[in-house]
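Coordinate-derived values only; no laboratory data. Quantities reported herein were computed from a predicted structural model and do not represent experimental measurements. When we count neighbours, we look across all protein chains shown, and the Cβ atoms used for this are built from the backbone with ideal geometry, even at glycine.
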Amino acid sequence: MAGAPRTADGTVDMSALTPRTADGKPDFSGIWTSDEVDPRRPKEPPNPRDATTSRRMINIGVELPGGLPYQPWLAALVKERWARNAVDDPHVRCFPDNFLRAYGTPHLLKFVQTPNLLIVLNEWNAGYRQIHTDGRPLPEDPNPSLMGYSSAKWEGDTLVVDSHGIRDDTWIDWQGSVLTEAAKVREEFRRIDFGHMEVRVTVDDPKAYTKPWTVLIKERLIADAELIDEICLENERSLKHMVK
């Protein structure tokens, strides 16, 4: 990893100062994965490149008292989906993930920051997301898509991203929680130091939830590594074993 701060033994100093762009803003460029390990997973020897199985993979609102504030129809649907072992999960069936789901899955995300655009490349199925950082207005009549439309502005050292235009029934965790076309999502990105990033996410989706909800997502840098192809349908052998 060119230009990375290193300790005496040559490893990347994850606690070093936050890198900055030429205009003094935090630079989010780098490869990231969840920094919130699922406690149910066995602890394994660390590999600098390994993605982490996040505690949010099953339930994105795991730390919220009482869980996500589902509308009654969604509470019933989540219960049904979980009872059926999430057999209809788009991720399991090799569809791309939306950007909220991607934070909790064990796949790498590469952020590429330019003066007016933040690009997020997802190792899973070669996905991508574009975040315009020039504060442009969001489209009034968007064509709904998996990633929706995202526009950002700086508030000090925090990049505040607003998104909408996300298509209906887009799963955001394994138990079947969703975003709908009514969703408005705000992300507040902060790079804490060289190796750590926090994303405060607020979801306002009155069609799916009784009130807005907020979670704090923690990510860690994967240094001295690069993305590799991870195409779900290539040599896929799992679906035939799933209970219908």
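If you place +1 on the Cβ of every Lys and Arg and -1 on the Cβ of every Asp and Glu, how big does the dipole about the Cα centre of the chain come out, in debye to the nearest 20?
Dipole size: approximately 600 debye.
Restricting to DSSP H runs of at least four residues, report the calculated mean residue ellipticity at 222 nm for the chain, -39500 (n - 2.57) per run over all residues, nearest 500 deg cm²/dmol.
Details: 2 runs with 16 residues, N = 244.
So the helix-based figure for the chain works out to -2000 deg cm²/dmol.
In whole angstrom, note down how far apart the Cα centers of region 160-209 and region 63-103 are.
14 Å
Over region 30-222, what is the relative contact order in whole percent, taking alpha-carbon pairs under 8 Å and six or more residues apart?
Details: 424 pairs, mean separation 44.3, N = 193.
Relative contact order, region 30-222: 23 percent.
In Å and on Cα atoms, what radius of gyration and Dmax does region 51-173 show?
When restricted to Cα atoms, region 51-173 yields Rg and Dmax of 15.8, 46 Å.
What is the sum of charges around residue 207, taking Lys and Arg as +1, Asp and Glu as -1, for the other residues whose C-beta is under 10 Å from the C-beta of residue 207? Could you put the intermediate results ahead of the total?
Values: positive: none; negative: 168, 181, 205.
Cβ neighbours under 10 Å give a net charge of -3.
Could you tally the net charge around residue 216, taking each other residue with its Cβ under 15 Å from the Cβ of residue 216, Lys/Arg +1 and Asp/Glu -1? Walk me through the intermediate numbers first.
Details: positive: 55, 56, 186, 190, 191, 200, 218, 220; negative: 35, 36, 63, 187, 188, 198, 219.
Result for the neighbourhood of residue 216: +1.
Using a Förster radius of 25 Å, what is the FRET efficiency between residue 181 and residue 27 based on their Cβ-Cβ separation? Nearest 0.05, please.
Numbers: r = 33 Å, r/R0 = 1.33.
For R0 = 25 Å, the calculated efficiency reads 0.15.
Of 150, 179, 195, which is farthest on the positive side of the dipole of region 30-222, counting Cα position, with +1 on Lys and Arg Cβ, -1 on Asp and Glu Cβ, and the Cα centre as origin?
The residue sitting most towards the positive pole is 195.
What's the local net charge at residue 138, with K and R +1, D and E -1, over the other residues with C-beta under 11 Å away?
Values: positive: 136, 184; negative: 140, 141, 162.
Around residue 138, the surrounding residues sum to -1.
Using 27 Å as the Cα-Cα cut-off, could you pick out the over-long pairs in 218/240; 207/240; 110/218; 25/207; 153/218?
Working: 218/240 34 Å; 207/240 34 Å; 110/218 15 Å; 25/207 36 Å; 153/218 21 Å.
Flagged as over cut-off: 218/240; 207/240; 25/207.
Taking the beta-carbon count within 10 Å as an exposure proxy, list 213, 171 from fewest neighbours to most.
Working: 213 17, 171 23.
In increasing order of surrounding Cβ atoms, one gets 213, 171.
Each label point is 7 Å from the Cα along the Cα-to-Cβ direction; what then is the distance between the points at residue 207 and residue 92, in nm?
With each label placed 7 Å out from Cα toward Cβ, I get 2.4 nm.
Residues with amide H under 5 Å of residue 170's amide H, sequence separation 5 or more or different chain, H placed in the peptide plane at 1.01 Å from N; which?
179
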